[in-house]
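Here the structure is laid out as structure tokens; the discussion comes afterwards.
No value in this document is a laboratory result; all are computed from the given coordinates. In this text the structure is predicted, and so the values were computed from the model without any measurement. Methodologically, a virtual Cβ is constructed for each residue, glycine included, from the backbone with ideal geometry; neighbour enumeration extends over all protein chains shown.
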Amino acid sequence: MKSNRSTSVLMPSTIVATVTLVAIALAQTASTSVTPSKIRDLSWLSGRWSGPMFGQPSEEHWLKPQGRSVLGVYRLGPESTKPVFEIMLIEEEEQGVMLRLRHFGSKLVPWEKEEPVTLRMTRQAEKEVEFEGVGQTDLKRLTYRRDPEDRLQINMVFERNGKPSTETATLKRIAGDS
């Protein structure tokens, strides 16, 4: 009788312990699919960069991380009659680290009328970060990498007319910026 009583007392404890261990294992599996990331780990991105992109001169400026965000601006074809401007925000949110951006023409009218282009961080390594498009966007993947020569490598994968296309750029640090 004594063994039945101790078994009945131990049984709920064993179930709770098993459920807890399974929950911990699932949480660890989920957390290893995307490297934990912190905004401050993106400080390598900060600075002023320039070089050709989309066949035109361009500039990209990233501020140093502050709190839960990093802010960037981009200018394509500054001497063109139809320049393109972009505001970019990388921010830590409940659903992960998100990159949102909007394009503007010379009158600062946004191209994206309803929502900004949104991407979710999917991978982060030392001096490299990758984002994937969320929702209805032609931009499917965006990767930034700072190479050993202190250049900013940008790789963009778009889907246009149902076919993937890739655009790459290598930007150099603007003189006097460190």
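Just to check I understand the Karplus step: with θ = phi - 60° and J = 6.51 cos²θ - 1.76 cosθ + 1.60, what whole-Hz values come out for segment 140-151, glycine and proline as x?
The phi angles translate into 8, 8, 9, 10, 10, 8, 9, 8, x, 8, 6, 10 Hz.
Any chance you could check the Cα centroid distance between segment 49-98 and segment 127-178 for me, in angstrom?
11
Are there any GluC sites (Glu not before Pro) in segment 77-130 that are in a DSSP loop and have at most 12 other Cβ atoms within 10 Å? List them by number. Present the calculation step by step, with values, prior to reporting the outcome.
Working: sites: Glu79, Glu86, Glu91, Glu92, Glu93, Glu94, Glu112, Glu114, Glu126, Glu128, Glu130; in loops: Glu79, Glu94, Glu112, Glu114, Glu126.
Here the sparse-neighbourhood loop sites are Glu79, Glu94, Glu114, Glu126.
May I ask you to sort Ile154, Ile90, Ile174 by Cβ crowding, counting other Cβ atoms within 10 Å and putting the fewest first?
Ordered by Cβ neighbours within 10 Å, fewest first: Ile174, Ile154, Ile90.
What translational D, rounded to a whole number of µm²/s, comes out for segment 63-178 from Stokes-Einstein when the hydrodynamic radius is the Kirkwood one over Cα pairs, at 37 °C and 0.692 mPa s?
212
Using amide H atoms built in the peptide plane, which far-off residues or other-chain residues are under 5 Å from Thr122 H to H?
It is Glu130, Phe131, Glu132, by chain and number.
So who's got an amide H within less than 5 Å of the one on Met53, skipping anything under 5 residues away but keeping other chains? H placed 1.01 Å off N, in plane.
Those qualifying (amide H under 5 Å, at least 5 residues apart or on another chain) are Ser58.
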